[in-house]
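Shown next, in structure tokens, is the structure this report addresses.
The values are calculated or read from the model by the stated rules, or taken from the named source; none is laboratory data. Just so you know, these numbers come straight off a predicted model, no measurement behind them. Here Cβ is always computed from backbone atoms with ideal geometry, including for glycine, and neighbour counts include all displayed protein chains. With ligands, DNA and RNA removed, areas are computed over all heavy atoms of the protein, side chains included. Shrake-Rupley method; radii C 1.70, N 1.55, O 1.52, S 1.80 Å.
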Amino acid sequence: MRPIAVFIGVFFFLTLNAQNNFQDTDLVTAYEDFTEMPREVAYVHLNKSIYIKGERIGFNAYLMDKSNAKRSIETTNLYCILSDKNGRPVKEQLIMIQNGVGRGNFELDEAFTSGEYTFRAYTNWMKNFEEQNHYVQRIRIIDPEVEKTIQPKKVAATLDAQFLPEGGHLVHNVSSTVGVVIKNADGFGIPELEGEILDAKNAVVANFKLNQLGIGACEFTPVPNEKYHARLSYNNVNHRFQIENIEPKGILLALQNLPNKVAIAIKTNDASISEVQGKPYTLAIHNGTSLKTLDIAFQDTTEILKVIPHEDLFPGINIFTLFDANNNPISERLFFNFQGLSFESSEELVSQQKNDSIIVQIPFKDLNAALFNNLSVSVLPSETISYKHHYNLPSYLLLQPYVKGTIENASYYFQEVNTRKKYDLDNLLLTQGWSSYDWNTIFNKPPDFVYDFEKGIDFTVSMNGKNSSQFLLYPNANSKSELIQLKEKEVTFQKRNRFLLSDEKIRIGEIKATGELTVPKLVLQFKPSKIPAFTSKKENLLGLKEVSILEMGETTSYSPSISEKVQQLDEVIVTKKQAYSRIEKLKNATLGKVEVFDEMMRLRYQYFGNYISERGFVVDEQPYVVDGDDLTPIQQFRIVSRNPNTFNNEIPIIYLDGVLLTDLEILKRFRMDVVDYVEVNRSGIGGGLRGGGGIIKIYTDPKKKYKIEAREVFKEFDIPLTFTTPKRFYTPKYSSTQSTFFKEYGVVDWFPNLMPDSNGTISFKIPNPGSGNLIVHIEGIVNDQSLVSEARSIILN
């Protein structure tokens, strides 16, 4: 395979007559119709990008309003999917979004094996649009049973060289900037390469040098009847790329970023001036939400210059599109304006070692604790190779939706922003060519309002034989009990916006004329009832950048017309000692204490209440009563933790043979002679918000039977789709925190929902790994709308 030379030039000036004619369409009206419906953008902060089977993927989701870069409050339902390499969902969750933020985690259990997986997050509303507003990220999972060691990936030394003229055109006798992108076989930029542009006589007309992401630029003026090529050396092999598609006539758009303003130049050449002179052109400045226009007309000059202050541009992305008299777009250039955007950085991190823990404090100077603040923090060893995200929150919200291609390490441009990074970002946008917006779609196919914003789960209750008109809807975690009174001819009722959690059920009792509760005959329908399918026509997805070595070199690339002048080089094989990392199995033992019941235990503890009261819980076995006339049930039989882990939740989560008990009445006088074993986890880890009172799991012996005598007074309905209950994240146990495995792939901790104190400081406690430094990756929102994305170091003794 030879190196690939790619030259993008679309909407050529000479082929305008073949384009769609939009002259009868009003540009501003069409754009307003296209942008009328608001857009949401989802970003998910994953605690890592490379995982070991047995770990959990911790994540914090941010749902943002694309038009103003603020939190979206329209949607509460976010669908999160983990799919295998064939696109088949392996696990999926419905995450509750509150104030624009939600969290969850996926357990990497027996359903997973070694390979690449894709994490997607989207809302129902996003299905209305062609743009990529959903979140998508590749991750890597390693199964120690399949991969004992991880070796560097071999990558062929082929080159994908792209020479991309600013505005999409190279025109004879017009000074032009050409963006240069050199990528390897996996699509990642090759850093720090140097090269030159030469004419047919091998005279150098321009030089270029790539940055650390494989992007650079140069400027030259092509002349008629001349051929140009690029030359560079990589891996001790010379490479040559032909520069093609230079136009004899045309118009191009050029941009120069000046202090506090931009200069926009619309250029043509003498050969074109008679064809463009006096004709109306329009320069549109837009950002996916709003649009401004400037009238452009060539008179007796080949260049028109417009200078625009940054304050008159949109904050964030600005797309400059030049239209001809028929509203055909003929040139486009993207520019990013940092003015008007709000970013926040923390001050110096403070850490204090205390016994086997480290107390970490991260202060923010201008943070107002009274405003909305939410930060997610991933703590990893500083030598980690398992945090390889291409995007952070600012880049996914402010940059990704507007570009057509993939962006390697987009996070770079939005962390510790300086003059150099602004320059590199402008070079990136120069090489992007056209934006992600399709003008044919804008003019002809504005989005339709097909899919709603979703807030919770709705369900409709229908009578299957109406015996009475009163029903009691029992409470759930996020809703109180309700007395339903139907009118004479009503046979259905509906409940909307319910936030039903994992393992919950709908319980409804029918109230007879005598006031007695009985089991009703009902049918329930839920919306949504399953995770909706999602397909995207436009999805930019770049794989993970793994540790790699070059496999072999490549022969020089050449044009057939000059093949006789070029000597082919032999293939060069680059070899290197291939370091590897041994992968350890994780030790995820049960978090609770397990007691197996023998005959002595069964004789000692006749009832469950006797047993659990000796293990840190208080048992109250009062009778089950009804409270007054409102028929609200009060369950007097209670089990509470003596020392709960959270002050607002003292009731433990209790499972009986794997089934979550929502009504503890079954445990009243529950005989222990049928029990096989009991697991008591007083820490509550793994139980999420409801785990503050601990977790108790009771397993009965299938050879023994115990019949519970209780009169049923309600009917219980399964819920086909529920919000995933947030679970507390816990790290696996490592055989050594000093091993190469831990330093490269280990997890120290993950905090998805950190809030600042009154002084604007976030604090958390992490286990002390003993030695070696740590890195803290922070993403989030502070002061209602300021974006945070940074990395801080913890230096250990």
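Of note:
- Within the range 333-402: Cβ-based charge dipole about Cα centre, in debye rounded to nearest 20 (Lys, Arg +1; Asp, Glu -1): 260
- Whole-Hz couplings from phi, Karplus 6.51/-1.76/1.60, listed for the range 232-241; x for Gly and Pro: 7, 10, 9, 6, 6, 10, 7, 10, 9, 10
- Ranked by the mean number of other Cβ atoms within 10 Å of their residues, highest first, the peptides 656-662, 380-386, 409-415 fall in the order 409-415, 380-386, 656-662.
- Placing +1 on the Cβ of every Lys and Arg and -1 on the Cβ of every Asp and Glu, with no other charges, gives the range 460-514 a dipole of roughly 100 debye about its Cα centre.
- Packing-based order for 468-476, 741-749, using average beta carbon neighbours within 10 Å, highest first: 741-749, 468-476
- Projecting the Cα positions of PRO720, MET672, MET463 onto the charge dipole of the chain (unit charges on Cβ atoms of Lys, Arg, Asp and Glu, taken about the Cα centre) puts MET672 furthest along the positive direction.
- Once the Cα atoms are used to define both axes, helix 419-432 deviates from the longest principal axis of the chain by about 80 degrees.
- When the Cα positions of GLY509, LEU63, PHE22 are compared along the charge dipole of the chain, GLY509 comes out farthest toward the positive end, with charges on each C-beta of Lys, Arg, Asp and Glu.
- Adding -39500 (n - 2.57) for every DSSP H run of four residues or longer, then dividing by how many residues the chain holds, sets the calculated 222 nm ellipticity at -2000 deg cm²/dmol.
- Cα gyration tensor shape of the range 167-295, rounded if a/c is under 1.5, else prolate or oblate by comparing a/b with b/c: oblate
- Taking other residues whose beta carbon is less than 15 angstrom from the beta carbon of GLY179, and scoring Lys, Arg as +1 and Asp, Glu as -1, yields -3.
- Prolate/oblate/rounded call for the range 166-221, Cα gyration tensor, a/c under 1.5 rounded: prolate
- Carbon/sulfur fraction of accessible area - the chain, other protein chains in place, 1.4 Å, %: 46
- Cut-off under 5 Å, modelled amide H: who pairs with ASP676 long-range: TYR699, THR700, ASP701
- Rounded to the nearest 20, the Cβ-based charge dipole of the chain about its Cα centre (Lys and Arg +1, Asp and Glu -1) stands at 2140 debye.
- In this simple spin-label model, placing a label point 7 Å from the Cα along the Cα-to-Cβ direction at both LYS85 and ASN497 gives a separation of 4.6 nm.
- All lysines inside 27 Å of LYS154 as judged from Cα atoms, apart from same-chain residues fewer than 8 positions distant: LYS48, LYS53, LYS85, LYS183, LYS209, LYS388, LYS545, LYS576, LYS577, LYS585, LYS743
- Straight-distance crosslink candidates among lysines, where the alpha carbon sits under 19 Å from LYS227 and sequence neighbours closer than 8 are dropped: LYS201, LYS249, LYS565
- Prolate/oblate/rounded call for the range 354-393, Cα gyration tensor, a/c under 1.5 rounded: oblate
- Here's the picture: charge each Lys and Arg Cβ at +1 and each Asp and Glu Cβ at -1 in the chain, and of MET96, GLN738, SER114 the one pushed furthest to the positive end of that dipole is GLN738.
- Within the straight-line cut-off of under 18 Å between alpha carbons, the aspartates and glutamates reachable from LYS127 are ASP33, GLU36, GLU40, ASP65, GLU74, GLU92, ASP438, ASP448, ASP452, GLU454, GLU539, sequence neighbours fewer than 8 places apart in one chain being disregarded.
- Peptide packing: for 127-135, 337-345, 426-434, the average count of neighbouring Cβ atoms within 10 Å per residue gives the ranking 426-434, 127-135, 337-345, highest mean first.
- Excluding ligands, DNA and RNA, the accessible surface per residue across the chain is 46 Å² with a 1.4 Å probe.
- In this simple spin-label approximation, ASN540 and ILE666 carry label points 7 Å from Cα along the Cα→Cβ vector, and these lie 5.2 nm apart.
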